[in-house]
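Asker: One structure follows; several queries about it will come next.
Please treat every number below as a calculation from the coordinates, not as lab data. Please read these numbers as outputs of a predicted model, since none were measured by experiment. With ideal geometry, Cβ positions are generated from the backbone for all residues, glycine too; neighbour counts draw on all protein chains shown.
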Amino acid sequence: MTSDTESTEKYDLDVKICRHYLWRMITPGQCRAARAFLQVAQDELAKAASVGVSTIRDFEVGKRTPMVNNLKAIRAELERRGVRFVDQDDSGTCGVLYTEPDKGIAG
């Protein structure tokens, strides 16, 4: 039989594991925003991330959440192109950062 303290400690550990897992994921809105910054179509992102176009489309409209490996591939491809994600915090706040590449224009 487990004590209340042991149950509470296990629950706290489970919450920490879940937060760590969710910390690296992105939201449908972040995916849409990142594509907009990059001016990348769904099919182009799908091909570059080696996922189906329906995976991107369904994720962005909230129809389904991609499998973890596909979500990681999507995030990795967007980050490779210069997007940085502000991960969701306890208040639900998250975002996308993007700096346009230097186009060689002298100031």
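Asker: Using a 7 Å offset from the Cα along the Cα-to-Cβ direction at both TYR98 and SER50, what is the distance between the two label points in nm, to one decimal?
Answerer: 2.5 nm
Asker: Amide H to amide H, which residues 5 or more places from VAL96 or on other chains are under 5 Å from it, using H placed in the peptide plane?
Answerer: VAL86
Asker: Apply the Karplus curve 6.51 cos²θ - 1.76 cosθ + 1.60, θ = phi - 60°, to the phi angles in the stretch 38-47 and return the couplings in whole Hz, x for Gly and Pro.
Answerer: Result, ordered by residue: 7, 6, 10, 6, 4, 5, 5, 5, 4, 4 Hz.
Asker: Rounded to the nearest 0.05, what FRET efficiency do ALA36 and GLU79 give with R0 = 22 Å and r taken as the Cβ-Cβ distance? Could you check?
Answerer: Once rounded, the FRET efficiency stands at 0.90.
Asker: Additional query: May I ask you to derive the relative contact order of the stretch 26-98, considering only C-alpha pairs under 8 Å and at least 6 residues apart, and to give it as an integer percent?
Answerer: Details: 76 pairs, mean separation 24.5, N = 73.
In percent, rounded to a whole number, it is 34.
Asker: Place a point 7 Å from Cα of LYS72 in the direction of its Cβ. Which residues in the stretch 24-43 have their backbone N less than 13 Å from it?
Answerer: Answer for the stretch 24-43: 24-25.
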